[in-house]
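The values are calculated or read from the model by the stated rules, or taken from the named source; none is laboratory data. These numbers were taken from a predicted model, which means no experiment stands behind them. Virtual Cβ from ideal backbone geometry, glycine too; neighbours counted across all protein chains shown. Only protein heavy atoms, including side chains, enter the accessible area calculation; ligands, DNA and RNA are left aside. Shrake-Rupley method; radii C 1.70, N 1.55, O 1.52, S 1.80 Å.
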Amino acid sequence: MKDPIRYINSGYRFFDTHAHLYDERFAQEGIRPEDILRNASDAGVQRILIPADSLETSLSAVSFVKAYDGCSGVALYCSVGVHPHEASSWNDDVRDGLLELIRDRTANKIRAIGEIGLDYHYDFSPRDVQRKVFEEQLLMAYELDMPIILHEREAAGDSMDILRRLYKAGKLRGNVGVCHCCSASPEIAMELVRMGFYIGFDGPITFKNNKNTPAVCASVPLERIVIETDSPYLTPVPDRGLINEPCYVPFVLEKIAQIKEITTGEAADAVMRNSLSLYEITEG
Ligand SMILES: [Zn+2]
């Protein structure tokens, strides 16, 4: 295995808005949470949000934050929710389990509901179940006044139908949330922005054969862009193929700065501001 390429930080600050740090792949590769957070801190990553995809990983995300928040000076946050892959697991007990965690949302540092959405690429849960569970969690987020983390893959038509309907009914809050790892067309991405979404970019924006994501990034206003790694997956160039960690998120930011033709510092400042507003973080 080749040696990882380390990001040389010149003082910029980053927020990885999406990293599954409880994923068992890290332990399998002998990478400890302390290592991940030290590497992140060395690269200037000061904040990380850990998203969930089931009740089980919601509990994992909350415990990870409890155990490691502040380690190497990195502030941790999390989200809770049921991913479209896990939609079949949805029932009243799961919903109550999530609500139980959210009841202590300040102490648990829960900043969003997610990942929720539709995934017609894998179809791990039947599509009608995915749609029902997505809509229920959208309404739950609205009732609880929390932003969402949207996962949408090859399901833009149905996702947009649901979102447009709730938007028109006044059931989406002003800061709806983030379209994570956005693979939509530039037109759909702009419609999401008009609905109040931030757009999340990660490793794929750096992949040579990917023409759509840079086009989306070029058309979306800088004020609506956030960066993420989706660790442990989707490692950006130059280390595509290695296990992904938050310390790689600056490579995503560099690519965005290039596309927007601005300096790394300008991009870093704007994207940090956006990430704090997305997750409604006001402290320090
Ligand atoms: Zn994810």
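Within the range 14-278, the ratio Rg/Rh, alpha carbon atoms throughout and Rh by Kirkwood, equals 0.94. For the pair ASP269 and GLU135, label points projected 7 Å from Cα toward Cβ lie 4.5 nm apart.
Only lysine pairs 8 or more places apart or on separate chains count here, and in the range 14-278 those with Cα atoms under 16 Å apart total 5. In the range 245-284, whose amide N lies under 12 Å from the spot 7 Å out along Cα-to-Cβ of ASP42? List them in ranges. Those under the cut-off are 247-248.
Nonpolar atom fraction for the range 191-235, defined as the carbon and sulfur part of the 1.4 Å probe accessible area, stands at 58 percent.
Per residue of the chain, the DSSP helices (runs of n ≥ 4 H) give a summed -39500 (n - 2.57) that works out to -13000 deg cm²/dmol at 222 nm. Here the simple spin-label model places points 7 Å from the Cα toward Cβ, and for ARG32 and ILE262 these points are separated by 3.9 nm. Accessible surface ranking for LYS211, LYS255, 1.4 angstrom probe, highest first: LYS211, LYS255.
Amide H to amide H, with H built 1.01 Å from N, SER231 comes under 5 Å of HIS20, counting only residues 5 or more places away or on other chains. Among the protein heavy atoms, those of THR282 account for about 130 Å² of accessible surface (1.4 Å probe, every chain in place).
In a fully extended conformation the segment linking SER277 and ARG194 would gain 28.3 nm over its present Cα-Cα distance, using 0.36 nm per residue. Here the Karplus relation 6.51 cos²θ - 1.76 cosθ + 1.60, evaluated at θ = phi - 60°, turns the backbone of the range 5-10 into coupling constants of 8, 8, 6, 8, 8, 10 Hz, with x for every Gly and Pro.
Protein heavy-atom accessible surface, 1.4 Å probe, per residue over the chain: 42 Å². A cut-off of 5 Å between modelled amide H atoms, ignoring neighbours fewer than 5 places along the same chain, links MET146 with no other residue. Modelled label positions at SER185 and ASP92, each set 7 Å beyond Cα in the direction of Cβ, lie 4.3 nm from each other. For the range 218-247, the residues whose backbone nitrogen is under 11 Å from a point 7 Å from the Cα of ARG25, taken along Cα to Cβ, are 230-236, 241-245. The share of alpha-carbon pairs in the range 15-88 lying farther apart than 19 Å comes to 32%.
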